1. Say we look at the range 194-232 and pick out the residues that are surrounded by fewer than 20 Cβ atoms within 10 Å (Cβ to Cβ) and more than 24 Å from residue 283 (Cβ to Cβ); which of these is nearest to the ligand (Cβ to nearest atom)?
2. Could you say whether any residue in the range 143-158 is touching a strand residue (DSSP E or B) at 6+ places or on another chain (Cβ under 7 Å), touching a residue at least 24 places away in the same chain (Cβ under 8 Å), over 27 Å from residue 48 (Cβ atoms) and away from the ligand (no atom under 14 Å from the Cβ)?
3. Looking at 258, 252 in this structure, which one is touching a residue at least 24 places away in the same chain (Cβ under 8 Å) and more than 14 Å from the ligand (Cβ to nearest atom)?
4. Looking at 33, 10, can you tell me which residue is touching a strand residue (DSSP E or B) at 6+ places or on another chain (Cβ under 6 Å), under 18 Å from residue 276 (Cα atoms) and crowded, with 16+ Cβ neighbours inside 10 Å?
Ligand SMILES: Cc1cc2nc3c(=O)[nH]c(=O)nc-3n(C[C@H](O)[C@H](O)[C@H](O)COP(=O)(O)O)c2cc1C
């Protein structure tokens with residue numbers, strides 16, 4: 001059966017948004033933003049901060065399992081941190097070999113390692129050996145740094161190191177987030193490894209999902225920004241929501257926006273809260289005209305109280321949900 005995964009998105013899909021998106025539903029699994037591992041053994045609270053779901057059996061309130069993602073370059077240090085994380089019994093541990101951010105790459109993390117298949121192999125092998133067999137260890141990669149010439153070597157190195165599944169974001173680091181995603185490359189990787197490969201990149205609609213699966217040959221697909229823009233995308237794909245966005249869905253989303261706003265305010269400093277709502281509304285306006293209007297109204301506001309008042313005034317449904 002084809003699975004749908006919610007992508008890790010640092011600064012965007014934290015536990016608050018994962019809670020909303022998995023409540024709307026359709027996801028088999030989610031992955032946290034990366035926990036950066038560099039040189040020290042992190043305390044348990046560093047993992048719980050990124051994945052508060054760990055205190056709920058590793059699941060969102062709606063029951064979706066959430067794997068915790070680690071990012072680093074030192075096999076021993078990653079293994080020691082993975083062992084500590086394993087004590088918190090996450091449903092999975094994912095290793096990040098896809099992050100293109102310069103600050104991460106300067107410290108030899110994320111996509112910067114895609115030129116060194118032997119190191120990728122050593123990292124996965126060390127982490128796999130440090131973690132009880134019941135906890136799946138997976139990896140997420142891009143196609144390469146400047147080009148895809150080592151993509152298959154990297155994937156094989158990760159699989160042979162013990163990754164139970166690979167997610168492939170079908171772009172190089174140099175390609176950043178520029179469309180298109182090169183799903184045909186995922187097919188080459190899938191044919192070269194024995195473990196399941198999850199296709200990822202530029203799936204915004206049901207039709208994209210169909211084409212991504214047809215081109216990559218993958219059963220499973222990970223949804224990132226498409227999921228944030230359209231919280232019903234996973235259910236549309238499954239056929240349990242309308243095939244295209246509807247006005248009713250926007251009304252149904254308003255209580256979720258209210259819950260998100262409450263969750264964000266409870267979590268981040270007041271001066272950072274408005275930015276989080278604006279960021280999500282910025283994605284939602286790709287899907288609903290109503291979101292465009294709400295985004296425009298929220299954008300100039302700086303004070304959380306002003307935003308709460310605006311949301312209350314705009315939508316009676318929000319008051320009912322509060
Ligand atoms: C804001 C943002 C943050 C991201 N953070 C992470 C991350 O922490 N770990 C990771 O493996 N990928 C991260 N990614 C990459 C996504 O997981 C995904 O591979 C990428 O967005 C392509 O999928 P999409 O086109 O469906 O969005 C991030 C992407 C975005 C847009």
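1. Restricting to residues being surrounded by fewer than 20 Cβ atoms within 10 Å (Cβ to Cβ) and more than 24 Å from residue 283 (Cβ to Cβ), the top hit is 215.
2. yes
3. 258
4. 10
Only the coordinates and a few stated rules stand behind these numbers; no lab work does. If you're wondering where the values come from, they're calculated on a predicted model, not measured in any experiment. Using ideal geometry, Cβ is built from the backbone for each residue, glycine included, and neighbour counts are taken over all protein chains shown.
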